[in-house]
Amino acid sequence: MSTTFSELTSFARNAGEARISGEVASITGISLTATGIERAVGIGARCIVRGRRGAVRAEVVGIGPRGTELLPFGSWQGVSAGDTVEVDPVSDAIRPDDRWVGRVINAAGQPIDGKGHLHEGPRSRPTRAEPPNAFARRRIGPKLRTGIRALDIFAPLCQGQRIGIFAGSGVGKSTLMAMIARETEADVVVMALVGERGREVQDFITRDLGEEGLARSVLVVSTGDEAPLSRRQAAWTAMAVAEHFRDRGKHVLLLMDSVTRFAMAQREIGLASREPPTTKGYPPTVFSELPQLLERAGPGSGDAGDITAIFTVLVDGDDMSDPIADAVRGITDGHVVLDRAIAEKGRYPAIDVLTSVSRTLPAAHTDAQNAVRRAAHAALASYEDMAELVRIGAYKPGSNPDLDHAIELAARVDPFLTQGPHDVPGDEDTFALMAGLLDSSGISLDPGR
């Protein structure tokens, strides 16, 4: 029987509406095995599982002899064996727009701030992308003023730099991030709250960030109760939004809190897809995903702008040798350490200036500024070496004049470096003030050293 032209036309018109589908074979934990779609999907493809309680979006994380392994963006509640699994033609792309500034979105790029419709840009942008070519990138740019004295003197931040903030829980990471977001000069700020406590999201937006900070920011939020795919996706989405503004020639300040929760989400995903656990239960994909994410930030190329990025790392039990902390330190261009002992003394931000490092030094400072930084750092290091003896009264004043001067400086520096969440100075000359503290403590500068 011959096929008429009208029949062919009807088939071609309906072919685009066809859905490739299979069915649920089994569910174990958060992993679902589907059959019948193995040849139609690849790793990272999206599917829709239609259960009794509605449709659940999912992502392909593994393909094997038993079928296709899927993880949900929500929950498998109501899904059972035999339910339909459809291949979703919609990819993980988003359509960022300049009008997203001042908005709060979720990991899927949808508004969650109750401010109505979120305008979509004309260009679709994948949330997973390759970093810019290493040889096409510019070098790191000029120093940025954060208004945080401990950073501006001892661990300066430069345009296009990537830096990590390392701390245990409750030491002030989020507050420090908000201070940097409000005060650091940038065209737009993109913030990712990955795995954040749900009750703290509003507190962070209204109390820490404030209206002024939100007015020039795009917030991407995924709370800790969301599925691991959503928590991981929030980091990718925030990076894609930052890349949108970078490609428009803007200087973007990207703040991500926290990379550790991104790694934990990837650990859950890896273990659910039967990856072998390695250090502290983290599977190998965690340590391959981290550089792929973090390397996307940094200086741009050509007419593009730069992404200056700050990533927080929640160190397990204040252990700075945590495997995620080690991996991030090896990728970023410096690290800022928040010390619990300093916080317990009441000095905030609790930045340990002796262990914090910026790889832009000494080029970020002038010779005179480096002389002030070196003198202050050396004196504080001398005091730290003898601090225990000084505290218990075992040191006799006058035994070592250099140490006497260092003790005097340490007493003066703590109030100088203490700043409240909204206590950011104006256009003060921070180095001149530090030089004054050195002079009044009897410490001389050696600019030629």
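The values are calculated or read from the model by the stated rules, or taken from the named source; none is laboratory data. Not measured: the values here are computed from a predicted model. Cβ atoms come from the backbone with ideal geometry, glycine included; neighbour counts cover every protein chain shown. Only protein heavy atoms, including side chains, enter the accessible area calculation; ligands, DNA and RNA are left aside. Shrake-Rupley method; radii C 1.70, N 1.55, O 1.52, S 1.80 Å.
Brief remarks follow.
- Filter pass, SER91 being closer than 30 Å to THR418 by Cβ and polar (S, T, N, Q): no
- Only listed residue being in contact (Cβ under 8 Å) with a residue 24 or more places away in the chain, assigned to a loop (DSSP other than H, G, I, E, B) and open to solvent by less than 60 Å² (accessible area, probe 1.4 Å), chosen from ALA364, ALA381: ALA364
- Just one of (1) crowded, with 24+ Cβ neighbours inside 10 Å; (2) without any contact (Cβ under 8 Å) to a residue 40 or more places away in the chain fails for ALA235. It is (2).
- For the condition part of a loop (DSSP other than H, G, I, E, B), out of contact with any Phe, Trp or Tyr (no Cβ under 9 Å at 6 or more places or on another chain) and either at pLDDT 90 or above or under 17 Å from PRO228 (Cα atoms) (or both), GLY62 does not qualify.
- Qualifying residue in region 99-117 (condition: over 30 Å from VAL188 (Cβ atoms) and acidic (Asp, Glu)): no
- Residue list for region 102-159, filter: of a type in the set (S, T, N, Q), loosely packed, with under 13 Cβ neighbours inside 10 Å and free of Cβ contacts under 8 Å to residues at least 40 places away in the same chain: GLN110, SER124
- Flag for GLU38 being under 27 Å from PRO126 (Cβ atoms), outside the structural domain of GLU243 (by the TED database) and open to solvent by less than 20 Å² (accessible area, probe 1.4 Å): no
- Within the option set PRO89, PRO72, being touching a residue at least 60 places away in the same chain (Cβ under 8 Å) and not aliphatic (A, V, I, L, M) holds for one residue only, PRO72.
- Restricting attention to region 349-358 and to residues that are touching an Asp or Glu at 6+ places or on another chain (Cβ under 9 Å) and in contact (Cβ under 8 Å) with a residue 60 or more places away in the chain, the residue that is surrounded by the fewest Cβ atoms within 10 Å (Cβ to Cβ) turns out to be SER358.
Residue-wise test of (1) assigned by the TED database to the domain that holds MET434; (2) under 24 Å from the mean Cα position of the chain (by Cα); (3) within 30 Å of GLY141 (Cβ to Cβ).
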residue: VAL337; (1), (2), (3): no, yes, yes
residue: ALA371; (1), (2), (3): yes, no, yes
residue: ALA378; (1), (2), (3): yes, no, yes
residue: GLU384; (1), (2), (3): yes, no, no
residue: GLU388; (1), (2), (3): yes, no, no
residue: GLY393; (1), (2), (3): yes, no, no
residue: GLY398; (1), (2), (3): yes, no, no
residue: LEU403; (1), (2), (3): yes, no, no
residue: ALA411; (1), (2), (3): yes, no, no
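- Positions within region 312-335 being in contact (Cβ under 8 Å) with a residue 24 or more places away in the chain and open to solvent by 60 Å² or more (accessible area, probe 1.4 Å), in sequence order: ASP316, GLY317, ASP318
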